[in-house]
Amino acid sequence: MSARRQAWQFAAALVFFHGSEYVLAAAFHGRRNVTATSLLISKQYVLAMSFAMLEHLTEILIFPEVKEYWFISNIGLLMVLISEIIRKLAVVTAGRAFTHVIRIYHEDQHQLITHGVYRFMRHPGYSGFLIWAVGTQVMLCNPVSTVAFTYVLWRFFSKRIPIFLEAVLWL
């Protein structure tokens with residue numbers, strides 16, 4: 001086992017996450033309505049993932065022993081796999097109602113979803129992404145990025161969820 005395996009798993013996680021998000025978004029909303037922004041790819045996201053790879057490579061050179069905690073890396077892999085299941089169940093359960101943009105206007109098909117994974121979790125799409133992103137960093141044994149991703153995403157969702165709930169209540 002090596003740090004190379006971690007990097008390949010990270011690349012596979014990125015490709016699968018964004019590929020499956022694209023396929024599901026296109027299936028429910030049509031290919032014309034799917035953009036890089038709607039797939040959660042922003043400058044900040046690319047910067048964060050680039051920083052993660054830079055940390056991984058730097059630590060391989062300076063502190064290679066940090067990358068040898070396979071138990072921790074495997075916990076990260078498990079986080080990635082479980083979060084993918086949670087998030088994809090959220091997307092499939094919500095169908096056309098699942099978007100990457102908070103809607104502030106009402107459409108006839110809008111309804112509160114309380115079945116499937118939504119029966120057990122209040123925000124499975126958000127939870128799935130948070131666990132996935134942090135899991136990728138645990139999988140890479142990136143201590144700095146693990147803390148940074150957790151902090152930034154927690155702050156992001158703690159601001160976004162109230163906006164989402166307010167929009168839902170006004171619909």
Exercise. If packing is taken as the mean number of other Cβ atoms within 10 Å per residue, what is the order of 43-55, 123-135, highest first?
Worked result: 123-135, 43-55
Exercise. So how much slack lies between A36 and I82, counting 0.36 nm per residue of separation and subtracting their Cα-Cα distance, in nm?
Worked result: 14.1 nm
Seminar exercise, completed: Under 5 Å from the placed amide H of L140, counting only residues 5+ away or on other chains, we find none
Problem set entry | Integer Hz, Karplus 6.51/-1.76/1.60 couplings in order for region 69-82, x for Gly and Pro | 8, 5, 4, 5, 4, 5, 4, x, 4, 4, 4, 4, 5, 5
Exercise. Given labels modelled 7 Å from the Cα in the Cβ direction, how far is it in nm from M53 to E68?
Worked result: 2.6
For this session: Evaluate the Debye formula for region 3-155 with equal point scatterers sitting on the alpha carbons, no solvent, and hand back log10 of I(q)/I(0) at q = 0.12, 0.15, 0.16, 0.21 Å⁻¹, in q order, two decimals.
Result: -0.55, -0.81, -0.90, -1.36
Exercise. Which of rounded, prolate, oblate describes region 1-44, given a ≥ b ≥ c as roots of the alpha-carbon gyration tensor eigenvalues and a/c under 1.5 marking rounded, otherwise prolate only if a/b is larger than b/c?
Worked result: oblate
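Taken together, the values in this text are just the output of simple stated rules run on the coordinates, not laboratory data. Computed from a prediction, not measured in an experiment: that's the story for all the values here. Don't worry about glycine lacking a Cβ; one is built from the backbone with ideal geometry, like all the others, and counts go over all protein chains shown.
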